[in-house]
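For reference, the structure discussed in these notes is given below.
Every read-out reported here was derived from the displayed coordinates using simple, explicitly stated rules and does not represent laboratory data. Just so you know, these numbers come straight off a predicted model, no measurement behind them. Neighbour counts run over all protein chains shown; Cβ positions are idealised from the backbone, glycine included.
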Amino acid sequence: MNMIVPLSSLKPGERGIIVTLQGGPGFRNRLLGMGITPGAIIQVVEVYNPGPIVVNVSGTRFALGQGMASRILVRKL
């Protein structure tokens, strides 16, 4: 099941490999600085609706807004 979906569509506990970051240079640089890079494995820890999505990348947790998470495309694992 190699579906490419927005990170915002994953449920808590689900993981994916980051495929692309859809946004301008500022958006991309901000995420790259946090280690959210294409090829990295990202896991959704919690989803607050409405509100942020808490994710784990390389052992570090981040809270991302729904809009930001919708522009991070992942291949579900």
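Go through region 59-77 residue by residue and tally those that are part of a strand (DSSP E or B), over 9 Å from the mean Cα position of the chain (by Cα) and either among the β-branched types (V, I, T) or surrounded by 13 or more Cβ atoms within 10 Å (Cβ to Cβ) (or both).
Result for region 59-77: 5.
Looking only at region 1-34, count how many residues are loosely packed, with under 11 Cβ neighbours inside 10 Å and closer than 22 Å to G59 by Cβ.
Here the count works out to 3.
Among the residues of region 35-58, is there at least one that is loosely packed, with under 15 Cβ neighbours inside 10 Å and either in contact (Cβ under 8 Å) with a residue 40 or more places away in the chain or in a helix (DSSP H, G or I) (or both)?
Within region 35-58, none of the residues are loosely packed, with under 15 Cβ neighbours inside 10 Å and either in contact (Cβ under 8 Å) with a residue 40 or more places away in the chain or in a helix (DSSP H, G or I) (or both).
For residues in region 2-51 being among the hydroxyl-bearing types (S, T, Y) and closer than 12 Å to I72 by Cα, which is nearest to the chain's Cα centre (by Cα)?
The extreme case among them is S8.
Give the residues of region 59-69 that are touching a residue at least 40 places away in the same chain (Cβ under 8 Å) and over 17 Å from G39 (Cα atoms), sorted by residue number.
Listed by number, the residues that qualify are L64, Q66, M68.
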